[in-house]
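Colleague: Can you read through this structure? Questions will come right after.
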Amino acid sequence: MSFDITPSSTISGDSSAELATLLKQAEAVLSSETDYIANAANLSSLIFNAVEDLNWVGFYFLREDELVLGPFQGQLACTRINLGEGVCGKAFKGSESLLVNDVLNFDGHIACDAASRSEIVVPFYTQHYSGVLDVDSPEKDRFTPELLSFFEGVVSLYLQRL
Ligand code: SME
């Protein structure tokens, strides 16, 4: 099978029209599959390849009392994160998305990839699967509130298929 929705060019995220198109592409990717791992894998790839200046995109899932690495795109990553630790653990424990403009100023940031400089984490919770979507950039101040809303929109679509 092949997708005719593979993004042909990258976007910065400054254009709401481009973000809306990418969200439609995410919806299309999810429409033919319900498996949560397969969908997390393809969403990671879609975002990583479509949005400029990212060095890591992926999922962590709650396993007992820690977050465990799921599908991702980018360099090797930490496999387990304690709840409340790092940007991921804090977002998950606090039940709210975190947009970190400069990880060097975030107390407790976990540097899996030393190149990461800014980060967005969107937590999610369902009866069966909980976790976070983590998006990293090597650029300081890479992410805008619009991009945060976009990533929350992606997670919202993802949850509809769980
Ligand atoms: N930086 C994250 C750890 C995960 S990696 O970025 C892939 C954190 O502080 O939770």
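The values are calculated or read from the model by the stated rules, or taken from the named source; none is laboratory data. Since the structure is predicted, the reported quantities are computational estimates derived from the model, not experimental observations. Virtual Cβ from ideal backbone geometry, glycine too; neighbours counted across all protein chains shown. For accessibility, only protein heavy atoms count, side chains too; no ligands or nucleic acids. Shrake-Rupley method; radii C 1.70, N 1.55, O 1.52, S 1.80 Å.
Colleague: Pick out the one residue from Glu146, Glu152, Glu139 that is more than 14 Å from the chain's Cα centre (by Cα) and not in a loop (DSSP other than H, G, I, E, B).
Modeller: Checking each option against the conditions leaves just Glu146.
Yes/no per residue for (1) modelled with pLDDT under 95; (2) under 30 Å from Ser32 (Cβ atoms):
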residue	(1), (2)
Ala77	no, yes
Gly89	no, no
Phe92	no, yes
Ser97	no, yes
Val100	no, no
Ala111	yes, no
Asp141	no, no
Tyr158	no, yes
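Colleague: If you don't mind, there's one more thing I want to ask. Any idea which of Thr21, Thr79 is over 18 Å from Lys140 (Cα atoms) and out of contact with any Leu (no Cβ under 8 Å at 6 or more places or on another chain)?
Modeller: Of the residues listed, the single one that is over 18 Å from Lys140 (Cα atoms) and out of contact with any Leu (no Cβ under 8 Å at 6 or more places or on another chain) is Thr21.
Colleague: Return the residues of the range 118-127 that are of a type outside the set (A, V, I, L, M) and either near the ligand (Cβ under 8 Å from one of its atoms) or in a strand (DSSP E or B) (or both); say none if nothing qualifies.
Modeller: Correct list: Ser118, Glu119, Pro123, Phe124, Tyr125.
Colleague: Same structure again: Do we find a residue being closer than 15 Å to Leu157 by Cα and either under 12 Å from the mean Cα position of the chain (by Cα) or not aliphatic (A, V, I, L, M) (or both) anywhere in the range 78-89?
Modeller: Looking through the range 78-89, none of the residues is closer than 15 Å to Leu157 by Cα and either under 12 Å from the mean Cα position of the chain (by Cα) or not aliphatic (A, V, I, L, M) (or both).
Colleague: If you don't mind, another one. Select the strands (runs of 3 or more DSSP E) contained entirely in the range 9-117, then report the ones holding at least 1 residues which are open to solvent by 20 Å² or more (accessible area, probe 1.4 Å) and more than 11 Å from the ligand (Cβ to nearest atom).
Modeller: So the answer is 56-63, 66-74, 98-100.
Colleague: Among the residues of the range 128-140, is there at least one that is away from the ligand (no atom under 14 Å from the Cβ), closer than 15 Å to Ile47 by Cα and small (Gly, Ala, Ser)?
Modeller: So far as the range 128-140 goes, no, none of its residues is away from the ligand (no atom under 14 Å from the Cβ), closer than 15 Å to Ile47 by Cα and small (Gly, Ala, Ser).
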